[in-house]
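Below: one structure, written as structure tokens.
The values are calculated or read from the model by the stated rules, or taken from the named source; none is laboratory data. Only a predicted model underlies this, so the values are computations on that prediction, with no experimental measurement involved. Cβ coordinates were reconstructed from backbone atoms using ideal geometry, including for glycine residues, and neighbour counts include every protein chain displayed.
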Amino acid sequence: MRVPEHIGVIPDGNRRWSINKGFSKEKGYQHGLNPGLKLLKLCKKEGVKELTFYGFTMDNTKRPTYQTKAFQKACVDAVNLIATEDISLLVIGNTETPMFPEELKPYTKDRVKIGSGGIRVNFLVNYGWQWDLNHLNNHQDQKKYKIIPYLRSSDISRVDLIIRWGGRRRLSGFLPAQSIYADFYVIDDYWPDFKDEKFYEALNWYNEQDLTYGG
């Protein structure tokens, strides 16, 4: 099987899952923690070299305060959880607003080797596609068309496969430069209902795709 080197994950459906279970919307975020760890372990097992989780966006912070506090805490807890594994960790997002959790700032300057290192794990926290791309305005190189090196997310490589849980069929601003040739697979299940077999269905689907990159 041809395994994607870099998988992007949009773990959607936490609030809808929570409502269906009779909980308030913000309760769903904590139930998305263990699925993240399970997915990380599966990616390590299958030889994926890089994994990017979509935490929350700058647009998400427009939600009610009780919800923003809940997903901020969930992101901190998620990073602490995956940091129990051997990984190379980087958190990318706008650290200049109060919406960025202070606890995660140590992971934003440089990639942090945890344990023996290994799979590159990126976590997008308080991320905005405009915030990312606007950094190009100060670093234009019209002759060589160098784009990726001047992104704020420059240390994140091109994405091969994006998997979105929750049934929505949109990228929601996920790493627009790195996702330019990514294959996009949607799982209808909500993220807290993560099942190993759904991940393998995505890998099998990816294996069947014809990769031409425009050629």
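The criterion of being over 29 Å from Tyr206 (Cα atoms), of a type in the set (Lys, Arg) and either touching a helix residue (DSSP H, G or I) at 6+ places or on another chain (Cβ under 6 Å) or touching a residue at least 40 places away in the same chain (Cβ under 8 Å) (or both) does not hold for Lys109. What residue, of Ile87, Ile162, is in contact with a Ser or Thr (Cβ under 7 Å, 6 or more places away or on another chain), of a type outside the set (Ser, Thr, Tyr) and at pLDDT 95 or above? Of the residues listed, the single one that is in contact with a Ser or Thr (Cβ under 7 Å, 6 or more places away or on another chain), of a type outside the set (Ser, Thr, Tyr) and at pLDDT 95 or above is Ile162. If you go through segment 87-106 and keep only what is without any contact (Cβ under 8 Å) to a residue 12 or more places away in the chain and either of a type outside the set (D, E, K, R) or more than 20 Å from Lys69 (Cα to Cα) (or both), you end up with Pro98, Pro106. Checked against the criteria, Gln142 counts as at pLDDT below 95 and either in a loop (DSSP other than H, G, I, E, B) or within 18 Å of Cys43 (Cα to Cα) (or both).
Keeping to segment 109-125, report how many residues are among the polar types (S, T, N, Q) and surrounded by fewer than 17 Cβ atoms within 10 Å (Cβ to Cβ). Spell out how you get there, then give the answer.
First, the residues of segment 109-125 that are among the polar types (S, T, N, Q): 116, 122.
Now restrict to residues that are surrounded by fewer than 17 Cβ atoms within 10 Å (Cβ to Cβ): 116.
Residues in segment 109-125 being among the polar types (S, T, N, Q) and surrounded by fewer than 17 Cβ atoms within 10 Å (Cβ to Cβ): 1 in total.
Examine segment 55-77 for a residue that is touching a residue at least 60 places away in the same chain (Cβ under 8 Å), closer than 29 Å to Trp205 by Cα and of a type in the set (A, V, I, L, M, F, W, C), and state whether such a residue exists. Scanning segment 55-77, I find at least one residue that is touching a residue at least 60 places away in the same chain (Cβ under 8 Å), closer than 29 Å to Trp205 by Cα and of a type in the set (A, V, I, L, M, F, W, C), so the answer is yes.
Any residue that is buried (at least 17 other Cβ atoms within 10 Å of the Cβ) and modelled with pLDDT under 95 - is there at least one of those in segment 176-194? Looking through segment 176-194, at least one residue is buried (at least 17 other Cβ atoms within 10 Å of the Cβ) and modelled with pLDDT under 95.
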